[in-house]
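What follows is calculated from the coordinates using simple rules that are stated; it is not laboratory data. Because the structure is predicted, anything quoted here is derived from the model rather than measured. Cβ: placed from backbone, ideal geometry, glycine included. Neighbour counts: every protein chain shown.
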Amino acid sequence: MNKIDGQQFRKMILNGANNLKKHADYVDSLNVFPVPDGDTGTNMKLSIVSGASEVENLSSNHVGEVGKHFSKGLLMGARGNSGVILSQLFRGFSKQVEALETIDHASFSDAFQAGVKTAYKAVMKPVEGTILTVAKDSADKATEVSKEETNIVKIMEAVLEEAKASLKRTPDLLPVLKEVGVVDSGGQGLVYVYEGFLKALKGEEVEETDSVEKTDSVNTDEFVNDVHEFDEFMTVDDIEFGFCTEFMVRFGDDKKKFDEDEFRNDMDKFGDSLLVINDDEIVKVHVHTNRPGEALTYGAEYGEIIKTKIENMREQFRALEAKRGENNKKEAIKTAIIAVSSGEGIDNLLKSIGVTHLISGGQTMNPSTEDIVNIIKDENVEEVIIMPNNKNIIMAAEQASEIIDVNSAVIPTRSIPECVSAMFSFNPEASLKENKASMVEAIEHVQTGQVTYAVRDTKIDDVEIKKDEHMGIVDGKIVTSNKDVKVTLNELLETMIDDESEIVTIFTGEGSEDSLVDELVEKFEDSHDVEFEIHDGKQPVYSYLISVE
């Protein structure tokens, strides 16, 4: 195989996505810290599935076109640092081949190198021993092998072999990986993607495992529930096929014998966006067409029409335009402040101190780039401030900031306490640049503590941790672990509070104990000159969030 066309590239993408989906739980389990939020595999899976969905039904045979759709889907669906890096790898890859109808051995290796360059550029402080290293080493191998080898299958075999070897070396580059006894989770996810790529090139298919469960019969209770998205720059004349047409046919013995390929080919002539699902008794059809009546008449040749739904997309577009017009009449918000939040109590607190838009997320459910963009998609705002409140959401927030078409800034908050401190430094009369500077400075003076439970036995930074113990974490570092939450919380406060401390804020979450908080507040107010504030955050996963300023 000396060249790859668009459909072959599409199969590689789908195979890569399915293979990562198949092993996502294992990738999650490689999380270094034994906290209940090991979501690298989940984030990478959701990110690549978003990209794969953009090409799943794409018929183009142009590699660049397929890559463009894949890159867009990955970019918008990227969540978590691992997902954003994955999106950047294939953003660079796809950009390199966007003008090419087919890929040969040289352009294949060049695309891997371009992906690595783009991903490294996207990370402010690249760390070796991560997915970046695995991508770089395997891209270098592609360049080396392609100088003498023109068979793309052979090149991909070399890429995968080197990716696996590089993955094994990650503990030598990141001591914490060696200490815990795992390889880098993001690198492992990339290896699974490359495994899927190679299988596709060899004509093998990776079956979906954790997608929508496939059944032996067609669900007659519902249609596709097609959501029609219209570009803000299009006009009603740009809608080529105006009627979203869906119907179901129950086959009849006295009717035309059903042949799926023939049926699909004939239906395709009526318009676009064709979807055909069938079993032995029923066929379900979705198509965008200007001739819905003729499509129904054709379907009736095979049996009885049992359900229909026809929507005028031009009319939907006109209604959307009217709604956009109403939105444009809304009073402009000078500064929209978006904060990622988790917990009803924290939601209420953030809104009370000036956050205008909340997005649900946090430790176990990182929002995607698109989730952040969509939160103000139809709002009339002059500028935007984004606070991710989790180190694993910062890159997605920065990616969203690049897409939002108004001036925006990301305050790299890693926790809710940092977000609260930053908000107290926000000045509605100041410029975006001035607010960013003051808010970033404010978060530098905040210590964040967390109490959660361990999901496995391990040892990190000389701290022995047993499964189900309560761990105390300060600014991302585990400092204590004990089966008694009172001991953990007490040692955490002892570590965080010193003579310079003035205000201690505790956010109580699921599993917290009010009596324990009252006891410790009384103790530390007597022994230290600090003031305590207590908020019922109702946050999941972390029973206590603590800030010390």
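What the table below lists for this structure:
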item: Principal-axis tilt of helix 80-97 within the chain, Cα atoms, nearest 10 degrees; result: 40 degrees
item: Given Lys164/Lys199; Lys391/Lys466; Lys3/Lys147; Lys22/Lys95; Lys95/Lys121; Lys351/Lys391, the pairs whose alpha carbons are separated by over 18 Å; result: Lys391/Lys466; Lys22/Lys95; Lys351/Lys391
item: Extended-chain gain in nm, criterion 0.36 nm per residue less alpha-carbon gap, Ile333 and Ala300; result: 6.5 nm
item: Cα-centred dipole magnitude for region 331-481, charges only on beta-carbon of K, R (+1) and D, E (-1), debye, nearest 20; result: 360 debye
item: Most to least packed among 523-536, 384-397 [average Cβ atoms within 10 Å]; result: 384-397, 523-536
item: Mean Cβ count within 10 Å, highest first, over the residues of peptides 117-126, 445-454; result: 445-454, 117-126
item: Centroid-to-centroid separation of region 53-67 and region 89-150 [C-alpha atoms, Å]; result: 20 Å
item: Average projected area [Cα convex hull, region 305-434], square nanometres; result: 11.0 nm²
item: Full-extension gain in nm, Asn57 to Glu144, via 0.36 nm per residue minus C-alpha separation; result: 27.9 nm
item: Among Ala319, Leu75, Val479 - extreme Cα towards positive end, dipole of the chain, charges at beta-carbon; result: Leu75
item: Spatial separation of Cα centroids for region 420-496 and region 502-549, in angstrom; result: 12 Å
item: Using θ = phi - 60° and Karplus 6.51 cos²θ - 1.76 cosθ + 1.60, couplings along region 255-263 (whole Hz; Gly, Pro as x); result: 9, 4, 5, 7, 10, 4, 5, 5, 4
item: Protection proxy ranking, peptides 258-266, 416-424, average beta carbon neighbours within 10 Å, highest first; result: 416-424, 258-266
